[in-house]
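Visitor: Structure below; questions to follow.
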């Protein structure tokens, strides 16, 4: 079995998640960052602006992002990373305009391989970020 190359989408404003054309119906990995003006090219996975790196294996990227968003912006207890975001940034209205997301959908024929690969990618990106910046993204706890 050949595993896909890790390529993320471009950055999109959090409320424009519907513009992702392909892949959001699959599980995968997503990046959350703060940008005044996001870069026009594909997301760089160790960008300093990243505040959260997450994955989903049993949900679609669209579904998991919606859980994150509701937790991060409304304080609903649906997503632990979203709740950490809410606690750190809730009093700062500007973060709603800065919040961007990029996705890497994972669509592999065997569900177990898909889940292991998705988790591997998330952990690799967390490690790469920590190596580069000396810490985890602000809303990643572990």
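Visitor: Mind checking the full-extension length gain between residue 16 and residue 120? Use 0.36 nm per residue of separation minus the Cα-Cα distance, one decimal, nm.
Guide: Additional length available on full extension: 34.7 nm.
Visitor: Could you tell me what percent of the DSSP beta bridges with both partners in segment 8-142 are antiparallel, to the nearest 5?
Guide: In segment 8-142, approximately 100 percent of DSSP beta bridges are antiparallel ones.
Visitor: Return the label of the correct value of percent of Cα pairs over 19 Å apart, as calculated from the structure shown, out of (1) 57; (2) 48; (3) 51.
Guide: (2)
Visitor: Now for a different question. Using only the Cα atoms of segment 12-92, build the gyration tensor, take square roots of its eigenvalues as a ≥ b ≥ c, and label the shape rounded, prolate or oblate: rounded if a/c is under 1.5, else prolate if a/b is larger than b/c, else oblate.
Guide: Judged from the Cα gyration tensor, segment 12-92 comes out oblate (a/c at least 1.5, b/c at or above a/b).
Visitor: For the chain, what is the mean residue ellipticity at 222 nm derived from helices alone (per DSSP H run of n ≥ 4: -39500 (n - 2.57); sum divided by total residues; nearest 500 deg cm²/dmol)?
Guide: -11500 deg cm²/dmol
Visitor: State the Cα centre-to-centre distance between segment 66-90 and segment 107-142 in whole Å.
Guide: 20
Visitor: Another question, then. Using alpha carbons only, how many degrees (0 to 90, rounded to 10) separate the axis of helix 111-133 from the longest principal axis of the chain?
Guide: With rounding to tens, the tilt is 50 degrees.
Visitor: Divide the volume of the convex hull of the Cα atoms of segment 65-129 by its number of residues and quote the answer in cubic angstrom per residue.
Guide: Convex hull of Cα atoms, per residue: 109 Å³.
Visitor: For residue 87 and residue 110, compute 0.36 nm times the residue count separating them, minus their Cα-Cα distance, and round to one decimal in nm.
Guide: Roughly 4.6 nm would be gained on extension.
Only the coordinates and a few stated rules stand behind these numbers; no lab work does. Bear in mind the structure is a predicted one, so any value in this text is a computation, not a measurement.
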